[in-house]
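Heads up, the thing below is written out as structure tokens.
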Amino acid sequence: MGGLDALRQFTLIKWLREERQSRKLILFIVFVALLLDNMLLTVVVPIIPSYLYNLDESADVEIRNSSLSPQAPSGSFHAIVSLYDNSVRLSGSNSTASAADPPRPTPAHASLPRNSSDCPRSPSRLLNENVKVGMLFASKATVQLLTNPFIGPLTNRIGYQLPIFAGFCIMFLSTIMFAFSSSYTLLFLARSLQGVGSSCSSVAGMGMLASVYTDDEERGHAIGIALGGLALGVLVGPPFGSVMYDFVGKTAPFLILAFLALFDGALQLFVLQPTKVEPESQKGTPLFTLMKDPYILIAAGAICFGNMAIAMMEPTLPIWMMETMCTRKWQLGIAFLPASISYLIGTNIFGSLAHKMGRWLCALIGMVVVGFSVICVPFARDIYGLILPNFGVGFAIGMVDSSMMPIMGYLVDLRHVSVYGSVYAIADVAFCMGFALGPSIGGSIAESIGFPWLMTIIGVVDIFFAPLCLFLKNPPGQEEKIAILMDTNCSMKTRSYTTQGTSYQGDDMDPEYDDYD
């Protein structure tokens, strides 16, 4: 058996070496990197609000108990709050005390039945958690926002392999910190550290895909598959986190993610060989020049405002559900399941379909659907009422992302130099702005004027932004670049871009990578 296992291992290693330059394997690596990044992003959504509330509540109970019985003997009972299930129970050194012993005084809320622990005992404290949770969730996107302008140009100088591997290392450290952090400060630091790793993984990953999939239609399909990894992470994260937190504990989901991250890191180390520095063969367009391009800004705006809707819901929807529905902890993550499933469906469908129907039209429809869906969310009276609006939110955001991510590479090919690190840094900045401003502003708005008004505001913003996607219907290209692409005397395989598709001219040249199926 040992010889057979060794043979299988040798066959796998041989296959990996032969397929090292395969576009499919590179796509798989980016898929797994985005999957882990977004699982870590969303697994905390149902955990953090309840966990922080428990921390604050336990501190209050300890203070209350010490004030009630400052001279309590060592053998008496005392009330404590479980950091695991929010319940208050009696404990002490004399657990077999007789019925004749007089009971110790406990706080008023300690006499509540066990099933009432699903409802928060301090609604005012729960509302105050909006800002703390929002700031913690926004810290990752804020740090990522600040890091992206440096990562984009860096990939142009040293290639994509080193940054994506550095992103794995930082992500692994962040996951371990989440598992063992027991204070708000450490959780905040872990979330911020994740932003650095996510910036490296997403910018380098998307740039790598755009560089190996040079055909516009194939690129859209490949990016749609990669976004499927993002969608799967968003899909699995909240329910996985809530179920593991409720039935196993806070540490378990993060340790499982850490083991999965080790697998992705080993694959990157063997296939991508991140010790090599491989700069781009041509100098890319400066980042600030790309940021002045109005068409790139419109595409980035669609990504930002589309994702801001779900970003505002992440910290505020669980708290609103705890306040109005007395929702159990495992249900806090399940509520996001329809949005996650529909996002996965949307990115896979429209990765290819958007190229045929027009990416501008796909994004326009998606923005409108996002707006109306989030406006309908506060009308839900129980968890079942959230299914349809959340499904609409996820599906529409999938339409926007699967349209605008490929169009970023398309605009660079058409209007600038075909080097993609900086433009996908801009796309990631837009994504991060949504997830930075969304939780931080959303938490404050929800605390001041309420969750329903918060959903109405972001819904109206998305609907009014949608018509700007019309400008992406026929973006003009640089005349000199179009002339190069249209030159029939050029011996290279060239592309002429139109709104209906992509045509090829010139002699075919052998591709560097294998054909995409």
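Working only within segment 179-192, note down all residues that are over 19 Å from Leu230 (Cβ atoms), in a helix (DSSP H, G or I) and open to solvent by less than 50 Å² (accessible area, probe 1.4 Å). Once the filter is applied, which keeps residues that are over 19 Å from Leu230 (Cβ atoms), in a helix (DSSP H, G or I) and open to solvent by less than 50 Å² (accessible area, probe 1.4 Å), segment 179-192 yields Ala179, Leu187, Ala190, Ser192. The residue of segment 260-277 that is modelled with the highest pLDDT, among those that are surrounded by fewer than 14 Cβ atoms within 10 Å (Cβ to Cβ) and assigned to a loop (DSSP other than H, G, I, E, B), is Gln273.
Answer with yes or no whether Ile170 is open to solvent by 10 Å² or more (accessible area, probe 1.4 Å), within 19 Å of Met408 (Cα to Cα), part of a helix (DSSP H, G or I) and out of contact with any Lys or Arg (no Cβ under 8 Å at 6 or more places or on another chain). So that I can check it myself, show each step before the final result.
Values: open to solvent by 10 Å² or more (accessible area, probe 1.4 Å): yes; within 19 Å of Met408 (Cα to Cα): no; part of a helix (DSSP H, G or I): yes; out of contact with any Lys or Arg (no Cβ under 8 Å at 6 or more places or on another chain): yes.
Answer is no for this residue.
Within the set Asp246, Asp216, the sole residue that is at pLDDT below 80 and in contact with a strand residue (DSSP E or B) (Cβ under 6 Å, 6 or more places away or on another chain) turns out to be Asp216.
Taking every residue in segment 144-159 that is of a type in the set (S, T, N, Q) and pairing it with any residue that is open to solvent by 10 Å² or more (accessible area, probe 1.4 Å) and outside any helix (DSSP H, G or I), at least 6 positions away or on another chain, the pairs with Cβ-Cβ distances below 6 Å are Asn156/Glu280; Asn156/Gly284. Residue count for segment 227-270, restricted to those that are in contact with a Gly (Cβ under 9 Å, 6 or more places away or on another chain) and at positive phi: 0. Remark: pairs (first residue in segment 394-420, farther than 21 Å from Leu287 by Cα; second residue of a type in the set (D, E, K, R) and open to solvent by less than 10 Å² (accessible area, probe 1.4 Å); Cβ separation under 9 Å; 6+ apart in sequence or on different chains) = Ala396/Asp462. Within segment 28-49, residues that are under 16 Å from Phe188 (Cβ atoms) have Cβ atoms under 8 Å from residues that are surrounded by fewer than 24 Cβ atoms within 10 Å (Cβ to Cβ) and basic (Lys, Arg) in these pairs: Ile47/Lys250, counting only partners at least 6 apart in sequence or on another chain.
May I ask you to say which residue of Ser402, Ser448, Ser422, Ser444 is within 19 Å of Leu230 (Cβ to Cβ), among the polar types (S, T, N, Q) and assigned to a helix (DSSP H, G or I)? Residue meeting the stated conditions: Ser402.
The values are calculated or read from the model by the stated rules, or taken from the named source; none is laboratory data. None of these values were measured; they are calculated from a predicted model. For neighbour counting, all protein chains shown are included, and Cβ atoms are generated from backbone atoms with ideal geometry for every residue, glycine included. These area figures cover heavy atoms from the full protein model, side chains too; ligands, DNA and RNA do not enter into them. Shrake-Rupley method; radii C 1.70, N 1.55, O 1.52, S 1.80 Å.
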